[in-house]
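The values are calculated or read from the model by the stated rules, or taken from the named source; none is laboratory data. Quantities reported herein were computed from a predicted structural model and do not represent experimental measurements. Counting neighbours? That spans all protein chains shown, and the Cβs are built from the backbone with ideal geometry, glycine included. Note: areas computed on protein heavy atoms with side chains; ligands, DNA, RNA excluded. Shrake-Rupley method; radii C 1.70, N 1.55, O 1.52, S 1.80 Å.
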Amino acid sequence: MTHLQACLSPETLEKAKVELKENPDTLHQDIQEVRDMIITRPDIGFLRTDDAFILRFLRARKFNHFEAFRLLAQYFEYRQQNLDMFKNLKATDPGIKQALKDGFPGVLTNLDRYGRKMLILFAANWDQSRYTFVDILRAILLSLESMIEDPELQVNGFVLIIDWSNFTFKQASKLTPSMLRLAIEGLQDSFPARFGGIHFVNQPWYIHALYTVIRPFLKDKTRKRIFMHGNNLNNLHQLMHPEILPSELGGMMPPYDMGTWARALLDHDYDEETEYSPESYTLSVKDLEKDLSPKTMKRSQSVVEPGVLKRPEKVKSEEENMQPLLSLD
C-alpha cells in the first residue's frame, strides 16, 4: 500500500482493487502515464497535476488511462470555457451562500450501505428572486470539490436525491435546455465523481418533459442510474434504507436542516447577510440562451430548441421500468 492509499479503510482498499482495478504496485506508473498525456493538449492550462489530484480521475474512470486523461482535460477545459462561473468560487460568494443556506445541496451525515455520500435537493426551495440556477450549480460544484478531497468518497462515490414536491411550473420554466446542458457538462463530463444513483421523487409531469429534453445529452451509463420514483417512496426505500433518510423522504431521521452543510462550509460566516441580486451575476441568462454550439452538437444527433414547456400528450412513466441498482460500477 502506498501513501496515496493510506487513508482508505481495508474494505475500501478491497473495493478499489476489485471494482476500480486499482493496483498499489503500479499506482505511480498509472499516474505518470496520465501526466505524460498532458503535452498532447497544449491548448489547456492544467493548473494542478500532482499525484493525489490525478489519482481521483483514475478512480473515476476505473484506471483507464485514456479516459482518465480525457476527464482531466475536460475538467480544466470546462473551467476555461466558463470563466465567470469559477470566479470567486467560495462559500462566501453571495449567490453561492444563498443557495447553500437553502440546501443546494443538502448533504446527509450518514453514508449509505455502500459508503456513498448522499446529496439531497429540495427543488421547491429555489428562491429565484435571490439567486440563479448558475448559483446553485456553482454551490454544488464547490461542495463536490470539498468532498472529493476524501479518498473514501473517490472510491465509493455519491448518490443524489432530488425531491420535486411543490416545485412549480413557473420554476421549471426557468430551467432552459442551455442551463441544463451546462450542468450536465459540469457534473457528468467534467468532474471526477462516481455517481451511483440519481433519484427523482414526487416529480410532476413537466419534470418528465424536461428529462426528455436532456436525455440525448446523457451517457448511457448515466441514464441507467436515473430512477423516477414518483410519489412511491417504497421504491426509493428499496435502494436507500429509510433508517438514514430524513422524514421528508419517508425516512426515520428528523426533518433535514437545510443549513447543515452550509454551516460546515461557511463556519462563522453563516449568519453574515450580504446584499445580492441575481441580475448582477456576470454570466447572464442571455448568455445561456445562445444556440447550442457545433462542438456541443457532436455529443448528440438531436437538436433541442429552448422554449416554453408544453404538456406532452403522454409521458411514459419511468417507474414501470425501474430496476434495483445492483451494480455500483
Extreme residue, farthest from GLN171 (Cα to Cα), among residues of segment 123-140 that are open to solvent by 10 Å² or more (accessible area, probe 1.4 Å) and of a type outside the set (A, V, I, L, M): ARG130
- request: Select from segment 58-85 the residues that are touching a helix residue (DSSP H, G or I) at 6+ places or on another chain (Cβ under 6 Å), among the basic types (Lys, Arg) and crowded, with 16+ Cβ neighbours inside 10 Å and list them in ascending order.
  value: ARG59, ARG61, ARG79
query: Looking only at segment 28-52, which residues are open to solvent by 50 Å² or more (accessible area, probe 1.4 Å), assigned to a helix (DSSP H, G or I) and of a type outside the set (A, V, I, L, M, F, W, C)?
result: HIS28, GLN29, GLN32, GLU33, ARG35, ASP36, THR40
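Quick grid of which residues meet (1) more than 26 Å from ILE54 (Cβ to Cβ); (2) modelled with pLDDT of 95 or more:
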{"site": "SER173", "(1), (2)": "yes, no"}
{"site": "SER178", "(1), (2)": "yes, no"}
{"site": "ASP189", "(1), (2)": "no, no"}
{"site": "ASN202", "(1), (2)": "yes, yes"}
{"site": "TYR206", "(1), (2)": "yes, no"}
{"site": "TYR211", "(1), (2)": "yes, no"}
{"site": "PRO216", "(1), (2)": "yes, no"}
field: Matching entry among GLY259, GLY250 (being within 20 Å of PHE167 (Cβ to Cβ), small (Gly, Ala, Ser) and modelled with pLDDT of 60 or more)
entry: GLY250
Complete set of residues in segment 107-116 that are in contact with a helix residue (DSSP H, G or I) (Cβ under 6 Å, 6 or more places away or on another chain) and open to solvent by less than 40 Å² (accessible area, probe 1.4 Å): VAL107, GLY115, ARG116
message: Being assigned to a helix (DSSP H, G or I) and either open to solvent by 40 Å² or more (accessible area, probe 1.4 Å) or touching a residue at least 24 places away in the same chain (Cβ under 8 Å) (or both) is the requirement here; does LEU89 meet it?
response: no
task: Report the residue count in segment 249-264 for those that are over 21 Å from the mean Cα position of the chain (by Cα) and either open to solvent by 60 Å² or more (accessible area, probe 1.4 Å) or farther than 13 Å from ASN110 by Cβ (or both).
output: 5
- line: Checked segment 17-27 for anything under 25 Å from the mean Cα position of the chain (by Cα) and either not in a helix (DSSP H, G or I) or not aliphatic (A, V, I, L, M) (or both); matches are LYS17, GLU19, LYS21, GLU22
- line: Exactly one of ILE214, ILE184, ILE198 is touching a strand residue (DSSP E or B) at 6+ places or on another chain (Cβ under 6 Å) and of a type outside the set (Gly, Ala, Ser), and that one is ILE198
message: Can you tell me which condition LEU55 does not meet? The list is (1) in a helix (DSSP H, G or I); (2) of a type in the set (A, V, I, L, M, F, W, C); (3) exposed (fewer than 15 other Cβ atoms within 10 Å of the Cβ), and all the others hold.
response: (3)
query: For residues in segment 145-161 being without any contact (Cβ under 8 Å) to a residue 60 or more places away in the chain and crowded, with 20+ Cβ neighbours inside 10 Å, which is farthest from GLU11 (Cα to Cα)?
result: LEU160
message: So LEU182 passes all but one of these: (1) under 15 Å from TRP126 (Cα atoms); (2) assigned to a helix (DSSP H, G or I); (3) in contact with a Leu (Cβ under 7 Å, 6 or more places away or on another chain). Which condition number does it fail?
response: (1)
- prompt: So is ARG48 on the phi < 0 side of the Ramachandran plot, in contact (Cβ under 8 Å) with a residue 24 or more places away in the chain and not hydroxyl-bearing (Ser, Thr, Tyr) or not?
  reply: no
task: Determine if segment 198-215 includes at least one residue that is touching a Lys or Arg at 6+ places or on another chain (Cβ under 7 Å), in contact (Cβ under 8 Å) with a residue 24 or more places away in the chain, among the aromatic types (Phe, Trp, Tyr) and open to solvent by 60 Å² or more (accessible area, probe 1.4 Å).
output: yes
